[in-house]
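Right, one structure below, let's go through it.
The values are calculated or read from the model by the stated rules, or taken from the named source; none is laboratory data. Fair warning: this is a prediction, and the values are worked out from it, not measured in the lab. Because the Cβ atoms are built from the backbone with ideal geometry, glycine has one as well, and the counts that use them run over all protein chains shown. For the accessible areas, the whole protein counts, side chains as well, though only heavy atoms, and no ligand, DNA or RNA atoms are used. Shrake-Rupley method; radii C 1.70, N 1.55, O 1.52, S 1.80 Å.
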Amino acid sequence: MQIVLYPHPALRFKSVPVTQITRELRETVREMFDLMYAAEGIGLAANQVGLPYRLFVLNLTGKKEEPDQEHVFINPEIVKRKGSQEAEEGCLSFPKMYGQVRRAGEIVVEAFDLDGQGFELSIDDLASRAIQHETDHLDGKLFIDRLSEADQREAESKMHDFESHFRRQQELKVVPSDAELEAELRRLAESQRPPQ
Ligand code: ZN
């Protein structure tokens, strides 16, 4: 498992709901936390590791030594948004790129944890921003879509660099073609169908 970088097609794939919490899924979640810590992030969505499942992990401390701050959001839905705030964001799929993003200040989110228990949270500040950023990922939306116009222009050359690096890796066959990657995403999404 590794963190995929823009413009990997997984980042634009709309994730499918998780239908079963299996041992495999728990292992996936553990690996996602470890990758997130290694990359010095505070949140990571499943499609950022090439898995089209509606879940993300979060630890706002970014520290492996604080496992009680780990949260798993399975099938999250933001059911209320209030206010508006602009702040700087980055994303593990866009290393070293940052920009100002306007988002709701307060939100209410509903989700399930790894035990299959539903929960609801009312939150603001950093947690609210991180949860909106990660939930966007599950819908195939990226923070670059929400940058201010000035920041979008500024980001263009970095985006171009990400794009040419990725295409180069595809030419060298280090990374499969978009068509192959998309076929794999559809296969994985299909595998989440509820058992008959
Ligand atoms: Zn991100």
Out of region 1-20, which residues are open to solvent by 40 Å² or more (accessible area, probe 1.4 Å) and part of a helix (DSSP H, G or I)?
-> ARG12
Does any residue of region 146-166 turn out to be within 16 Å of the ligand (Cβ to nearest atom), acidic (Asp, Glu) and in a loop (DSSP other than H, G, I, E, B)?
-> no
Which residues, taken from region 37-63, are open to solvent by less than 20 Å² (accessible area, probe 1.4 Å) and of a type in the set (S, T, N, Q)?
-> ASN47, GLN48, ASN59
Quick one: ALA155 ticks every box in (1) over 30 Å from GLN85 (Cβ atoms); (2) free of Cβ contacts under 8 Å to residues at least 60 places away in the same chain; (3) surrounded by 15 or more Cβ atoms within 10 Å (Cβ to Cβ) bar one, so which box is it?
-> (1)
State yes or no: is GLN169 farther than 18 Å from ILE42 by Cα, open to solvent by less than 70 Å² (accessible area, probe 1.4 Å) and more than 15 Å from the ligand (Cβ to nearest atom)?
-> yes
Boolean, GLN132 is modelled with pLDDT under 95, touching a strand residue (DSSP E or B) at 6+ places or on another chain (Cβ under 8 Å), under 26 Å from THR19 (Cβ atoms) and open to solvent by less than 90 Å² (accessible area, probe 1.4 Å) = no
Determine whether MET36 is in contact with a Gly (Cβ under 9 Å, 6 or more places away or on another chain) and either farther than 18 Å from THR135 by Cα or assigned to a strand (DSSP E or B) (or both).
-> no
Would you confirm whether any residue within region 21-31 is open to solvent by less than 30 Å² (accessible area, probe 1.4 Å) and either within 30 Å of SER148 (Cβ to Cβ) or in a strand (DSSP E or B) (or both)?
-> no
Please give the strands (runs of 3 or more DSSP E) falling wholly within region 43-142 in which 3 or more residues are more than 29 Å from PHE166 (Cβ to Cβ) and either within 15 Å of the ligand (Cβ to nearest atom) or touching a residue at least 24 places away in the same chain (Cβ under 8 Å) (or both).
-> 71-82, 106-112
ARG193 of a type in the set (D, E, K, R), without any contact (Cβ under 8 Å) to a residue 60 or more places away in the chain and either under 30 Å from ALA111 (Cβ atoms) or away from the ligand (no atom under 16 Å from the Cβ) (or both) | no
